[in-house]
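**Q** First, the structure itself, so that you have it in front of you.
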Amino acid sequence: MRRSRVMILGWVAVAGCVAARQSTSARPPLGAHLLAGAKTGTPVPLRFDPTAKVVIARMANLPPAPYSAAQATRGAQVFNQTCGACHTGERFIGQQFIENWGDRRVGDFYSLVRSTMPVDNPGGLKDQDYLDVTAYLLKANHSPAPAAPESLSTDTTVLRGRRIAVQP
């Protein structure tokens, strides 16, 4: 009995030393970082998943999303500097954007972009930058500008209650 205890304690000590030695030489599993100038490859197109539990519905009965001219101007700069590295303007300005996002909630678009972009740092921009890019895309797609100098805000209730009213 005594001999088996000694053997067990010996094996535990050896295993502990091996584990300690291995853990000091291991690198963290997610230690890779993309550099600012890194090429990320071909953009992956968004696809509609008919089995998804959350469906972004068309809401033609909602009022158009407001934006200010200053917001759209700032958004053009952010789009060109950040988004333009991977995305071409044709995907977001013109018929393809209108077909994909016309009459949908601006909050759904904002949430998608904020949680997934930029690819190398999702959510890495300031909230105002995401709002400005959204305003730029509304203006570029001929969404009617509001009469009042109202602008997009991070208020999710307002964002979900307004639609992307874009026109060809």
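No lab work stands behind these numbers, since they all come straight from the coordinates. Bear in mind the structure is a predicted one, so any value in this text is a computation, not a measurement. Counting neighbours? That spans all protein chains shown, and the Cβs are built from the backbone with ideal geometry, glycine included.
**Q** Positive end of the dipole of region 67-168, charges at C-beta (+1 Lys, Arg; -1 Asp, Glu), about the Cα centre: which of Leu112, Ser153, Cys86 has its Cα farthest in that direction?
**A** Selected residue: Ser153.
**Q** Return the distance in nm (one decimal) between the two label points of a simple spin-label model at Asn80 and Ile98, each offset 7 Å from Cα along Cα→Cβ.
**A** 2.5 nm
**Q** For a label point 7 angstrom out from the Cα of Asp155 toward its Cβ, which stretches of region 88-125 have the backbone nitrogen within less than 16 Å?
**A** 106-107
**Q** Express the relative contact order of region 69-160 as a whole percentage, based on alpha carbon pairs under 8 Å and six or more residues apart in sequence.
**A** Values: 83 pairs, mean separation 40.5, N = 92.
Reported relative contact order: 44 percent.
**Q** Let me ask something else. 7 Å from Cα along Cα→Cβ at both Asp127 and Ala70: what's the point-to-point distance in nm?
**A** Each label point is offset 7 Å from its Cα along the Cβ direction, giving 1.8 nm.
**Q** Compute the Cα gyration tensor for region 69-160, then decide on rounded, prolate or oblate, letting a ≥ b ≥ c be the square roots of its eigenvalues: rounded whenever a/c is under 1.5, prolate when a/b is larger than b/c in the other cases, and oblate in all that remain. List each step's numbers first, then the result.
**A** Details: a/c = 1.35, a/b = 1.17, b/c = 1.15.
Because its axes are fairly even, with a/c under 1.5, region 69-160 counts as rounded.
**Q** Kindly rank 85-95, 105-115 from highest to lowest mean number of other beta carbons found within 10 Å of each residue. Walk me through the intermediate numbers first.
**A** Values: 85-95: 14.5, 105-115: 19.5.
Sorting 85-95, 105-115 by mean packing, highest first, produces 105-115, 85-95.
**Q** How would you rank Thr82, Thr134, Thr157, going from fewest to most other Cβ atoms within 10 Å of each one's own Cβ?
**A** Thr157, Thr82, Thr134
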